[in-house]
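First comes the structure, then the notes that go with it.
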Amino acid sequence: MGAITSAVIAVVGVLLGWITIEIACKPCLETGREAIDRSLNPDYDPDDDNTVREPLNPTVTDHSAAAPSAVKSV
């Protein structure tokens, strides 16, 4: 009887731990699962994404506003 009780307590502990991790890390897990689903989808084409993304290194067109005219060194 003690073995069954210990097994039930262990299973319940694992389930509660799993639920806790799912709730605590929900945003991270959702984005990871979406990425996995996209990579496993044979019909997915990354070129078809309609999301607008900013460039990593945007070019500055107005050079006068980019850097000050006088640089002070100490």
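Considering every residue within the stretch 3-12, establish whether at least one is at pLDDT below 90, of a type in the set (S, T, N, Q) and part of a helix (DSSP H, G or I). No, the stretch 3-12 has no match at all.
Give the residue that is modelled with the highest pLDDT, with candidates limited to residues of the stretch 26-65 that are assigned to a loop (DSSP other than H, G, I, E, B) and acidic (Asp, Glu).
43
Please tell me if residue 68 is modelled with pLDDT under 70 and assigned to a loop (DSSP other than H, G, I, E, B). So that I can check it myself, show each step before the final result.
Working: modelled with pLDDT under 70: yes; assigned to a loop (DSSP other than H, G, I, E, B): yes.
Against the criterion (modelled with pLDDT under 70 and assigned to a loop (DSSP other than H, G, I, E, B)), residue 68 qualifies.
The values are calculated or read from the model by the stated rules, or taken from the named source; none is laboratory data. Quick caveat: nothing in here was measured; it's all calculated off a predicted structure.
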